[in-house]
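Chemist: My questions all concern the structure below.
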Amino acid sequence: MQDATKGRKKRDTSKKREAILAGATGVFIEYGFEAASMDRIAEVARVSKRTIYNHFPSKETLFQAIVAEFLKQSYELKPICYSGDLSLEVQLREFADAELYLIDDPVRRGLSKLLTATFLMDIEFGKATRGQYKPHADFIAWLNEAKADERIDFDSPELAARMFYGMVEGCLTWGALFSDGENLKHSDPVLDEIIRVFLACYRR
């Protein structure tokens, strides 16, 4: 009986945490980090402010949790294992699609805008937040395996990764933020060209 009670409490706590994160996400997107209040978040999430503080000690930690959840969704798409049987083009497209996942939906695009604006306004906060993640780690691992298989070559996997993501972000991500996703309607030929240019430089 005690185990069942503990299980219910755990589920209730988990549901409240999810409600807080969902409510906070909407409030942060609408008002921005600075203007968002814990009172408004509590109202939207339909929980007490005390409940919020039981889960998150401050607005900053709540925001960090939203960032972590947001990036986790993208990273879950990126454990793309190198394959010697698949074309490099197909595998690179998987990485590009995982990156575009961050901005191909109105809510995720709103979060991306929020993060960009917040980090630009508070450089140190942005550094502290981004410093917790290694955004190119999976792609670097893929690059090293592709090099070991003698299909691509480079002097620095970190630089090669920056070039690839720099093209994806420069040609598509930023445009999507500024156009509210309008440019993504014609993203396929752009992605094909990005991959062609990347492989023209690094394919063996």
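A short reminder: the numbers here are calculations on the coordinates, not readings from a lab. The shown structure was predicted, so the numbers you read here are calculated from the model rather than taken from an experiment. Every residue, glycine as well, gets a Cβ built from its backbone with ideal geometry; the counts of neighbours run over all protein chains shown.
Chemist: Hey, if you put +1 on the Cβ of every Lys and Arg and -1 on every Asp and Glu Cβ in the stretch 19-71, which of Phe33, Thr51, Phe63 ends up farthest toward the positive end of that dipole?
Modeler: Farthest along the dipole direction, towards plus: Thr51.
Chemist: Give a residue-ordered list of calculated ³J(HN,Hα) values for the stretch 84-92 (Karplus: 6.51 cos²θ - 1.76 cosθ + 1.60, θ = phi - 60°; whole Hz; x for Gly, Pro).
Modeler: Using θ = phi - 60°, the values come out as x, 8, 8, 5, 4, 4, 5, 5, 5 Hz.
Chemist: Can you work out the Karplus-derived ³J(HN,Hα) for every residue in the stretch 44-53? Use 6.51 cos²θ - 1.76 cosθ + 1.60 with θ = phi - 60°, whole Hz, and x for glycine or proline.
Modeler: 5, 7, 6, 9, 7, 5, 4, 4, 4, 5
Chemist: Here's something else I'd like to know. Ranking request for peptides 15-24, 146-155: highest mean number of other beta-carbon atoms within 10 Å first, then the rest in descending order.
Modeler: Ranked from most to least packed, the peptides come out as 15-24, 146-155.
Chemist: How high is the relative contact order of the chain, in percent, counting Cα pairs under 8 Å that sit 6 or more residues apart?
Modeler: 19
Chemist: Residues with amide H under 5 Å of Ile152's amide H, sequence separation 5 or more or different chain, H placed in the peptide plane at 1.01 Å from N; which?
Modeler: Those lying under 5 Å, H to H, from Ile152 are Lys147, Arg204.
Chemist: Can you list, largest first and rounded to whole Å, the semi-axes you get for the stretch 67-202 by taking the square root of 5 times each eigenvalue of its Cα gyration tensor?
Modeler: The three semi-axes for the stretch 67-202 are 26, 18, 13 Å.
Chemist: Gain in length, Leu86 to Tyr31, computed as 0.36 nm per residue apart minus the alpha-carbon separation, to one decimal in nm?
Modeler: So the chain would gain 15.3 nm between Leu86 and Tyr31.
Chemist: Can you flag which of Lys72/Lys185; Lys72/Lys134; Lys16/Lys49; Lys16/Lys113 are past 18 Å Cα-Cα?
Modeler: Result: Lys72/Lys185; Lys16/Lys113 exceed 18 Å.
Chemist: Stretched out fully, how many nm does the piece from Asn144 to Trp174 gain, at 0.36 nm a residue minus the Cα gap?
Modeler: 8.0 nm
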